[in-house]
Amino acid sequence: MVAHIRLQNFPQSYPADIQYSIGLKVVGGVLLPNNKYGAIIERVKKGSAADCEGRLLPGDEVLEWNGHSLQAKTREEVEDILALSGGGRTVELLVRRDTMQGRAVMHKDYDDYSRPGQLPMADNRLDRRRGEMGRGSRLQVKTWYDKSRFELVVTVLGAVNLPHRDNGQYRNPYAKLYLLPDRSERSKRRTKTLANTNHPRWNQSFVYSQIHKRDLRSRILEVTVWDYDRFGANEFLGEVTIDLAVSPLDEEAEWHYLSANQGRSSNYGDSRQGWLSDSPVSDYDEGYSLYRDNLVEGRRRRNHRSHS
């Protein structure tokens, strides 16, 4: 899917860095799934022109920038093109969004997952004719390691563009986590189930305790997304695996494409978990903020007792 996007209405005193002004970061010299090199959007600032007007997403490929091709360019060449072609109050982009599901691309620094990720056409209106299957399902996750408490904290923020059911109905999605290679109940975590949505927002944090940082080198975080079916087997919608040996564990929100493992829903059908209202909840339902509030409150009480 290719779209021509025009961004304008910048502040009068815009900075020299035009990327900063419109709220995105473009990186060149990236090896794409077609084995060619190109430029992709690495970051999008929430509330910026790139977000609100362009509806751009991390991972989108930038084919042209103000009429200059960015295809088959090195990182340095792309930086030079962007630096030399800026300076105006309008930026025109030719952008391509990969519609293949299962592409191993990780998205970072984009926190607004309540809106479907569609590219605008030339007049910045959504192209609603393509449906959701073509846009690619994504999952947003945060990971953080607390050195003082030897805890790995995983926050499942949400997902976008889950496909409709075959009959056109919305999903009842939930996510399930395992800290591999352990597949026991001790390792299993599960979000609540949200009814009738293909863009769920869970924002739930899960804590894995008594884990040393060195042990994470051999651990893989597996997150699978399922559709709860009250009258039948729950349907597998996709999975993400995060290698904790290389994951930054720095609280940055990261977007991952859900990988569709063919046949998994039949071979590894998830056990039914009861009614929607009985769905288990996480350790903390409001993400990192509530988790850290609990830590601060706990420390405050301990300090108060020690001084009393």
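Computed quantities for the displayed model
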item: Förster-model FRET efficiency, 22 Å R0, E77 and H4, C-beta, rounded to 0.05; result: 0.50
item: Accessible area, probe 1.4 Å, largest first, for residues H212, H199, H68; result: H68, H212, H199
item: Extension gain, L31 back to L180 (0.36 nm per residue minus Cα-Cα distance, nm); result: 50.8 nm
item: Heavy atoms of D182: accessible area, 1.4 Å probe, square angstrom to 10; result: 40 Å²
item: Distance in nm between pseudo-label sites at K188 and A233 (7 Å out along the Cβ direction from Cα); result: 1.6 nm
item: Debye-sum result for the range 153-257 in log10 I(q)/I(0), which assumes one identical scatterer on each alpha carbon, at q = 0.10 Å⁻¹; result: -0.30
item: Accessible area (Å², per residue) of the range 130-225, counting only protein heavy atoms and a probe of 1.4 Å; result: 42 Å²
item: Residue-level accessible surface for T74, protein heavy atoms, 1.4 Å, Å²; result: 60 Å²
item: Of K25/K176; K46/K176; K147/K176; K36/K142; K25/K73; K188/K213, pairs whose Cα-Cα distance is over 23 Å; result: K25/K176; K46/K176; K147/K176; K36/K142
item: Added length on full extension, which subtracts the Cα-Cα distance from 0.36 nm per residue, L84 to E64; result: 5.8 nm
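The values are calculated or read from the model by the stated rules, or taken from the named source; none is laboratory data. Remember, it's a predicted structure, so these values are computed and weren't measured experimentally. Methodologically, a virtual Cβ is constructed for each residue, glycine included, from the backbone with ideal geometry; neighbour enumeration extends over all protein chains shown. Calculation scope for accessible area: heavy atoms of the full protein, side chains included, ligands and nucleic acids excluded. Shrake-Rupley method; radii C 1.70, N 1.55, O 1.52, S 1.80 Å.
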